[in-house]
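See below for the structure under consideration.
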Amino acid sequence: MGGVIGEILPLALGVAISPIPIIAAILMLLSPNARTTSVGFFVGWIGGVVIAVTAFTLLSALLPEDDSDASKPIQGTIKLVLGVLLILLAARQWRARPQGEAVPELPKWMSAIDTLTAVKGLGLGFLLSALNPKNLIMAAGAGIAIGAGGLDTGQTVVVIVVFTAIAASTVAVPVIGYLAAADRMAEPLESLRGWLVRENTVVMAVLLLVIGVVMIGKGIGSF
């Protein structure tokens, strides 16, 4: 089980270090309905991560079983494809980075965050985690690793919980911090939001490039 956890850690971090959902969570915490909306968003984010990684873990069971001592060309090919997709996403993010003193553009839906309810916040969290192309690639890689790990049901559940806990940590920290000390969190949250807005594309480009290269390396090693 330890080996599988080691393999999914960078993928879980790839989901966690996603500036857009963190910015969305911070904007909710600075909105009039901060408590209910942010909690709904957090629950939706966790639910999306769990469903995505569980679905890919179950789908991995459809792959032909390989001899543990033999090469695994099918899994290797899938990892190579996922790695290439991550690198392509990294290139796209890098090209989209703001030039000079240009102000980065945020998704238009963020302007409506002040009007969100807890239910809409939950739905938004689910959509950003479960249907985001980058997260789906990370979840697919994690699901393949879990499915190929020869784990029993209990161990599989533990690994999925670890993946989810890490993937949700960056959304959990500001939400829980705000609920615990709302008065002291407003200024730090605003500063963090500003930094993430400025560095969003660069952070994502570097992250996706590194994980993509790692995924390609694991894919090559499967042959």
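The values are calculated or read from the model by the stated rules, or taken from the named source; none is laboratory data. These figures come from a predicted structure and were not determined experimentally. Ideal geometry is used to build each Cβ from the backbone, glycine not excepted, and the neighbour counts take in all protein chains shown. Heavy atoms of the whole protein, side chains included, go into the accessibility calculation; ligands, DNA and RNA do not. Shrake-Rupley method; radii C 1.70, N 1.55, O 1.52, S 1.80 Å.
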Ile46 open to solvent by 50 Å² or more (accessible area, probe 1.4 Å), part of a helix (DSSP H, G or I) and touching a residue at least 24 places away in the same chain (Cβ under 8 Å): yes
Filter result for the condition that a residue is of a type in the set (Asp, Glu), within 19 Å of Pro98 (Cα to Cα) and at pLDDT below 85, over Glu199, Glu190: Glu199
Residue ranges of helices (runs of 4 or more DSSP H) in region 116-223 with at least 2 members touching a residue at least 40 places away in the same chain (Cβ under 8 Å), basic (Lys, Arg) and crowded, with 19+ Cβ neighbours inside 10 Å: 182-221
Those residues of region 1-43 which are among the polar types (S, T, N, Q) and assigned to a helix (DSSP H, G or I), in sequence order: Thr36, Thr37, Ser38
